[in-house]
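A short write-up of the structure that comes next.
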Amino acid sequence: MDEPARETHRYGRGVFLATVAGGLTSLVWGKSVWGRVSSAIGPAEALVPLVPTEGWRIYTVSGSMPRFDPQAWRLTVGGLVASPANLTYDELRSLPRTDQISTFHCVTGWTVKNVHWGGVRVADVLASAGPAPNAGAIQFVSMEQPYVDYLTLDQARLTDVMLAYEMDGKPLPREHGAPLRLVIPEMYGYKNVKWLQQVNLVETPEDGYWEQLGYDVDAWVGRSNGYGS
Amino acid sequence: MSRPVRRFSRTERALHWANALGFFVLLGSGLVLYLPSLAILVGRRPLVKDIHFWSGIGWVTVLALVVMLGDRRGLRRTAEDLDLFDADDVRWLKRRGDAPQGRFNAGQKINAALTAAFTVLFLASGLLLWLGERDTRFRFASTVVLHDGLMYASLILLTGHLYLALIHPATRHALRGMTLGTVDEEWAAHHHPKWKPE
């Protein structure tokens, strides 16, 4: 026998309040749960390449994305160095090659694990350019104006800091900074300058593009920009 | 010959369509920011970001204006209808649609509650993303997960909503209630027998 339908419950606002509360608390637990869900459905991810579950977001700061012209493009290494260089793409590719697999962290919270980078060590580039005694930092200039960022020489000499021209076995795609980007896995993505065209040695680091907008100069993953403090 | 009975007031319809329009503008601009393939195709990220942000502000502003300038007493009555579940509503959920319903069935009530909650959460997480770009105190590693997750959840709700409103033969007559404001009396008596239209 069904009970009479007269008694009512305010389930509508219950559903509303529970959903809002769940959503707001997810600011604490969301990322770790999403990470687990995403690795559980990892194989399915390949079937729906449109959906970036643990994948990349493409961030740009200007109206158009730089285009790589293999004939015109040069990497200049200059500033406070003994021997400046002006490398073509082929010359860059003929430098001693290095490969690494590292994790890429964006300051906005997304992470891409196990990215396979191919390129040259920044330490090797520095060694052949010969920094002047008063050089203390490197300026990395992007083809995407006005994007620029800096590392101290000590940071740039960390063993896994590289200029990458390959990603996951293919030439660096346009949206990831073709033909060349900086990779420093210890720091958030905004330090990993895309579409590199100039590497200049300078005395001291200055504020890069995002630092001028309030982000930390030393963008250590997990202990900068308000995280881990 | 069956006659039309009023299901949704002008205020309710304005609220529904303002919400729908805002949702689609935000979905489109948001997907350009989110999906790499679209981000590459469209480019102009700073402009798309501005469009997305100001559409979001415009969206909630228009919703608030419709509520303020419209028939608030009617809206309050409707909100009360959506809030209250009686034993038939619970039965309807358990028996997948087999129990007499009022002006709204239990599924519509849950859809309304979730849609309202998602709006609040979209707004909160969107503002946090915007503020976080300007001040570390508003930066959380999971904000972007919440914002993206809401998009997926909303798309699931929307898909079901569009199926029932546009395709499913038994229910698609309800679309008329949200466009013209009225539904057929016989249809109403069949699908919403406990509803007494005024």
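Per-residue counts of other Cβ atoms within 10 Å, averaged by peptide: what ranking do you get for A:175-187, B:86-98, highest first? Display every interim value, and only then the final one.
Details: A:175-187: 22.0, B:86-98: 15.8.
Highest-to-lowest ranking by the protection proxy: A:175-187, B:86-98.
Assuming R0 = 41 Å, can you tell me the calculated FRET efficiency for the pair B:D135 and A:A85, based on Cβ-Cβ distance, to the nearest 0.05?
Values: r = 41 Å, r/R0 = 0.99.
Calculated transfer efficiency: 0.50.
For the charge dipole of the protein assembly as shown, defined by +1 on Lys and Arg C-beta atoms and -1 on Asp and Glu C-beta atoms about the Cα centroid, which residue among B:G58, A:W210, B:Y163 has the Cα displaced farthest towards the positive pole?
Farthest towards the positive pole: B:Y163.
Need one number: nm distance between label points at A:R223 and B:R77, each 7 Å from Cα along Cα→Cβ, rounded to one decimal.
6.4 nm
Once you charge only the Cβ atoms, +1 for Lys and Arg and -1 for Asp and Glu, what is the size of the charge dipole of the protein assembly as shown about its Cα centre, to the nearest 20 debye?
1460 debye
Test of understanding: what is the full-extension gain from A:K113 to A:S39, defined as 0.36 nm times their sequence separation minus their Cα-Cα distance?
The A:K113-A:S39 span can extend by a further 25.6 nm.
Select from A:W110, A:W29, A:W73 the residue whose mean-square fluctuation is largest in a Gaussian network model of chain A (Cα-Cα springs shorter than 10 Å).
With Cα springs under 10 Å in chain A, the top fluctuation among A:W110, A:W29, A:W73 is at A:W29.
Using helices alone, what [θ] at 222 nm do you get for the protein assembly as shown, with -39,500 (n - 2.57) per DSSP H run of 4 or more residues, divided over all residues and rounded to the nearest 500?
So the calculated ellipticity at 222 nm is -14000 deg cm²/dmol.
Most mobile of A:V120, A:V37, A:V77 per a Gaussian network model of chain A (Cα springs, under 10 Å)?
Between A:V120, A:V37, A:V77, it is A:V37 that shows the largest mean-square fluctuation.
If the label point is 7 Å along Cα→Cβ of B:L65, which residues in the stretch B:8-24 have backbone nitrogen under 18 Å from it?
Counting backbone N atoms under 18 Å from the label point, the list is B:10-24.
Provide a whole-number value for the mean count of partner chain Cβ atoms within 10 Å of the Cβ atoms in peptide A:57-64.
That works out to 5 on average.
Taking R0 as 51 Å, what FRET efficiency do you get between B:H16 and A:T159 from their Cβ-Cβ distance, rounded to the nearest 0.05?
Computed FRET efficiency for B:H16 and A:T159 comes out at 0.30.
Relative to the present Cα-Cα distance, how much length would full extension add between A:S32 and A:R93 at 0.36 nm per residue of separation?
Details: separation 61, 0.36 × 61 = 21.96 nm, distance 3.85 nm.
That works out to 18.1 nm of additional length.
Would you mind telling me which residue in A:G136, A:G109, A:G119 has the biggest mean-square fluctuation in a Gaussian network model of chain A, where springs connect alpha carbons within a distance under 10 angstrom?
A:G109
Among B:G177, A:T98, A:Y190, pick out the residue whose Cα is farthest towards the positive end of the charge dipole of the protein assembly as shown, where Lys and Arg carry +1 and Asp and Glu carry -1 on C-beta, about the Cα centre.
Value computed over the given set: B:G177.
Please compute the average number of Cβ atoms from other chains found within 10 Å of each residue's Cβ in peptide B:47-60.
Shielding by partners across B:47-60 averages 0.
Mind checking B:124-134 for the average number of partner chain beta-carbons within 10 Å of each residue's beta-carbon?
Average neighbour count from other chains, rounded to a whole number: 2.
Laboratory data are not the source of any read-out in this text; all were calculated from the coordinates shown. What you are looking at is a predicted structure, and each value in this text was computed from that prediction instead of being measured. Here Cβ is always computed from backbone atoms with ideal geometry, including for glycine, and neighbour counts include all displayed protein chains.
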